[in-house]
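Below you'll find the structure, written out as structure tokens, and then a few comments.
The values are calculated or read from the model by the stated rules, or taken from the named source; none is laboratory data. Values in this document were obtained by computation on a predicted structure and should not be read as measured data. Glycine gets a Cβ as well: all are built from the backbone with ideal geometry, and neighbour counts include every protein chain shown. Accessible surface is based on the protein model in full, side chains and every heavy atom, while ligands, DNA and RNA are left aside. Shrake-Rupley method; radii C 1.70, N 1.55, O 1.52, S 1.80 Å.
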Amino acid sequence: MLGLGALFGFFLEAGGLGSPRKLTAQLSLRDWTVFKVMFVAIMVAAVTLYLSDLTGLLAARQLKAPTPFYWAMAAGGALLGIGMAVGGYCPGTSVVGLFTGRLDALFFIVGMVGGVFLFANYCGELQGLFFAGKGAERETLASLTGWPAWLILLALAGIAWTGFRLGSRIETRDGGVIDALNLQQNRE
């Protein structure tokens, strides 16, 4: 596992995703690399799971699908998004940033760990929020929409295509992608 984590970190850094500038450029819609990388990962996972279920290699019903708690997910997502916008890192890229010598990543990690301890300390008081908006067990996009899995994959592909096209147009208009080499040279 440690080897896979190191390999993942290597590819994040090689793609420039270990830089806070890359993430903040995504949040300000100037550089769509993060969107493209994440959506490719989502599509590969979704298609692989669909084909695995279709061929009988791995039945989708055997996979654990945790019960969603929508209000907790919204609050946690908002807090994570604010942290990412302010700090310029997500949890994974902060570790990459730290191991590549970025001191600001250490401060981000300390803040993130502090937030975990705060949540753990006040978890009892937050249970009302945590359990509010409980969804159905084994809820999926297919069960929420009533659409067949192939149609959801088609919709995801359409969202990806639209995002890639829109992102490329915006990047071209704004002078191109913020490349990793320039980020590395600016850091030194």
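For the reader, a short list of remarks on this structure follows.
- The mean sequence separation of alpha-carbon pairs under 8 Å and at least six residues apart, normalised by the residue count of segment 69-134, gives a relative contact order of 53 percent.
- Heavy-atom accessible area with a 1.4 Å probe sorts ILE159, ILE152, largest first, into ILE159, ILE152.
- Ranked order, GLU171, GLU137 - accessible area, probe 1.4 Å, largest first: GLU137, GLU171
- For trypsin sites (Lys or Arg not before Pro), the sites in segment 1-110 that DSSP calls loop and that have at most 10 other Cβ atoms within 10 Å are LYS64.
- Within-15-Å neighbourhood charge of GLU139 [Cβ basis; K, R +1; D, E -1]: +3
- Net charge of neighbours whose Cβ lies under 15 Å from the Cβ of THR67, counting Lys and Arg as +1 and Asp and Glu as -1: +1
- For a straight C-alpha distance cut-off of 20 angstrom, the lysines reachable from LYS64 (same-chain residues fewer than eight places away being disregarded) are LYS134.
- Debye log10 I(q)/I(0) at q = 0.12, 0.16 Å⁻¹ for segment 69-134, Cα point scatterers: -0.36, -0.60
- Using a Gaussian network model of the chain in which every pair of alpha carbons under 10 angstrom is joined by a spring, one finds that among ASP104, ASP53, ASP31 the greatest mean-square fluctuation is at ASP53.
- Net charge, ALA85 excluded, C-beta distance under 15 Å - Lys, Arg +1, Asp, Glu -1: +1
- A quarter of the convex hull surface defined by the alpha-carbon atoms of segment 14-145 gives 10.3 nm² as the mean projection.
- Using θ = phi - 60° in the Karplus curve 6.51 cos²θ - 1.76 cosθ + 1.60, the 3J(HN,Hα) couplings for segment 142-159 round to 5, 6, 6, 9, x, 7, x, 4, 4, 6, 5, 4, 5, 5, 4, 4, x, 5 Hz; x is entered for Gly and Pro.
- For the chain, the relative contact order comes to 37 percent (Cα pairs under 8 Å, sequence separation of at least 6).
- For LYS36, a cut-off of 19 angstrom between C-alpha atoms picks up these lysines, skipping any fewer than 8 places away in its own chain: LYS22.
- Cα centroid separation - segment 47-105 against segment 2-16, whole Å: 16 Å
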